[in-house]
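J.: What follows is a single structure, and I will ask about it in a moment.
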Amino acid sequence: MTQRQQKIEEVGRDSLRKVLDVVKSGWLVIVLAALACGAIGFLYSALQSPTYRSTATLYVTSGTDDNVQSAYQGSLASQQRVSSYTWLVNSDAVLIDALEASGLDITLSSAKAAVSASTTPETVLLNISAEGTDRDQTAALVNSVSASMADYVTGLETPTGGGAPLAKLTIVTPANADAGPVAPSTTRNTALALLAGLLIGLAVVFVRDRLNNKVRGEQDLAILADAPVLAAVPSDDLLKKQGLIDFSTGATLAAEAYRKLRTNLSFTSVDKPSRRIIVTSALAAEGKTTTAMNLAAALAETGKRVVLVDADLRRPQVYHRTGGMGDVGFTNYLKGDGSMADLLQPSEVKGLQILASGPQPPNPAELLGSKKAGQGIDNLSAMFDYVIIDSPPLLPVTDAAVLAQWADGVLLVARANQTRLPDVAAAVEQLRAVQADLVGVVLTDVPTRGGAYKYGYYYTSSDVMKKPGFFSRFGKKKIHQHQNIESALEPASTIEVR
């Protein structure tokens, strides 16, 4: 297989995968649309009055059967006549006579609309049918029209000089009132309505997907930012309430996602590690502060000395989410009220200290772009292994872009199904304009239904080793090898099993 053929197959698989993903994400809309249309079709059929159809079959005879030739000629004449008789069934003469003879309370126009005639090709059979809401009346009308038609043909085919008629109609199967309704077909109408609803639901889902300009997954974010997705943090109600994860209590999905962020971050630049990292987003409420806090805590879990700096001087969030004091912090240092060491506050996480924002200034961008701000970051970098900086969002203000000159790299955060793709593109362009190093992106609030998180199970090292059959399946040697590799990368106390 050539390389071109392989690319074509990959494109085809990606297209099919995307279609399946769109259908999977919008399955509820599709199901609801199908059920709604199916219910409408069912109710429409249920509210309609039933329609009954009755049919009588008549045999057309022409000529005599004295010899074979006469019988053959008579058969041909009957076939020629039967097609003409289908037109005579709805004639005024036949219907008026039928209505008078039957005494049915039906108008001539209604009878014409109800009665029809048909014939089977190459036969001498004439079928007279009628449809109506009254089953008995419909059958009586068909039988009356059949008798009237037979009489009318007899008179029509009798020669002027008298004698036997040249053709006649004989009723071989009279209409009866035992047939069930022919309309409405509730099953068929409901099935067609369900199919129509299914198609409508699919159309809505694909149109919505076409018009949707929000970040839906890691692939959208990676392509647009032209940077690796370092972590996808699943939606977690506990995380939304507390903000800061207690990594010592266990290995939740969110905790493992931040550990993955920690690990991937260490590989983004092996020769020149990013130790001063700005965490920002395109707009507010996309999870940047939560990401900054938990990244700092995850780094501190490995035994590193970490400081979390609240550089959002407009809407600071770190201090009250970590239980610190917000009126003493970064702006105090910028005003010359004290050194960095004097303004640091301890946190509940071992190895993590907090530098709050301090009093809110009237000119945040100017302060963050000052040389003293750069000197303060340098001082913190000399004191700690990692400096994690929570900054304002990029698009509303220029603070983060100005602050980027003092950092080794920028981590861009986006929220799944909320952050707009144009906003991500604008944020990336703003970082490029100031020549900031975008080390990676983080996707937050990822739905946990299905996807990568549905089948992920996490255990602590001790829990894994206690599982029955663990040693027999993997062997003690492999376990020790795994632990040695893991400790070489980072001293985390978890093993991920999928």
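J.: Of the listed peptides 208-215, 261-268, what is their order by residue-averaged count of other C-beta atoms within 10 Å, with the highest listed first?
T.: Details: 208-215: 14.2, 261-268: 18.8.
Peptide ranking by packing, descending: 261-268, 208-215.
J.: Something else: Residue separation times 0.36 nm, minus the C-alpha to C-alpha distance between T158 and A284: what's the value?
T.: Values: separation 126, 0.36 × 126 = 45.36 nm, distance 9.70 nm.
Answer, rounded to one decimal: 35.7 nm.
J.: Can you compute the equivalent ellipsoid semi-axes for the range 219-325, i.e. the square root of 5 times each eigenvalue of the Cα gyration tensor, sorted largest first and rounded to whole Å?
T.: Values: eigenvalues 83, 59, 52 Å².
In descending order the semi-axes read 20, 17, 16 Å.
J.: Could I ask something else about it? Roughly how many whole Å is it from the C-alpha centroid of the range 315-384 to that of the range 184-219?
T.: Spelled out, the Cα-based centre of one part sits 53 Å from the other.
J.: Using the per-residue mean of other Cβ atoms lying within 10 Å as a proxy for protection, in what order, highest first, do the peptides 427-436, 225-234 fall?
T.: Most protected by this proxy first, the peptides run 225-234, 427-436.
J.: So how strong a dipole does the range 51-182 carry about its Cα centre when Lys and Arg Cβ are +1 and Asp and Glu Cβ are -1, to the nearest 20 debye?
T.: The dipole magnitude comes to about 220 debye.
J.: Jot down the per residue volume, in cubic angstrom and as a whole number, of the convex hull over the alpha-carbon atoms of the range 218-455.
T.: Looking at the range 218-455, the number lands at 114 Å³ per residue.
J.: Using the basic label-point model (7 angstrom from Cα toward the beta carbon), what is the V31 to A426 distance in nanometres?
T.: Inter-label distance under the simple model: 3.7 nm.
J.: Say a paramagnetic label sat at a point 7 Å from the Cα of K372, along Cα to Cβ; which residues of the range 320-338 have their backbone N under 18 Å from it?
T.: Backbone N within reach: 327-338.
J.: Could you tell me the calculated FRET efficiency between Q219 and S49, based on Cβ-Cβ distance and R0 = 56 angstrom, to the nearest 0.05?
T.: For Q219 and S49, the calculated efficiency is 0.50.
J.: How large is log10 I(q)/I(0) at q = 0.12, 0.14, 0.25 Å⁻¹ when the Debye formula is applied to the Cα atoms of the range 265-355, each weighted equally and without solvent?
T.: One equal scatterer on each Cα of the range 265-355 leads to -0.39, -0.54, -1.38.
J.: Sticking with this one: Is the range 51-182 best put as rounded, prolate or oblate by its Cα gyration tensor, with a ≥ b ≥ c the root eigenvalues, rounded for a/c under 1.5, and otherwise prolate when a/b is larger than b/c, oblate when not?
T.: prolate
J.: Also, I was wondering about something else. Peptides 171-182, 362-373: what's the order by average Cβ count within 10 Å, highest mean first?
T.: 362-373, 171-182
J.: Would you grab the residues whose amide H sits under 5 Å from the one on V413? Only those 5+ places off in sequence or on another chain, please, with H modelled 1.01 Å from N.
T.: HN-HN under 5 Å from V413: T280, S281, A282, V442.
J.: I would also like to ask the following. Under the 0.36 nm per residue contour assumption, what length would be gained going from the current alpha-carbon distance of A433 and D134 to full extension? Each step should come with its number before you reach the end.
T.: Working: separation 299, 0.36 × 299 = 107.64 nm, distance 8.12 nm.
Separation in residues times 0.36 nm, less the Cα-Cα distance, equals 99.5 nm.
J.: Would you kindly state how much longer the chain becomes between A196 and R314 on full extension, computed as 0.36 nm times their sequence separation minus their alpha carbon distance, in nm to one decimal?
T.: 37.2 nm
J.: Going by amide H atoms built from the backbone, whose H comes under 5 Å of the H on R305, apart from near neighbours?
T.: Distant-sequence amide H within range of R305: D385, Y386.
Any read-out appearing in this document is the output of simple, stated calculations on the displayed coordinates, not a laboratory observation. All of these numbers come straight from a predicted model, not from anything done at the bench. FYI the Cβ positions are ideal-geometry reconstructions off the backbone, even for glycines, and counts take in every protein chain you see.
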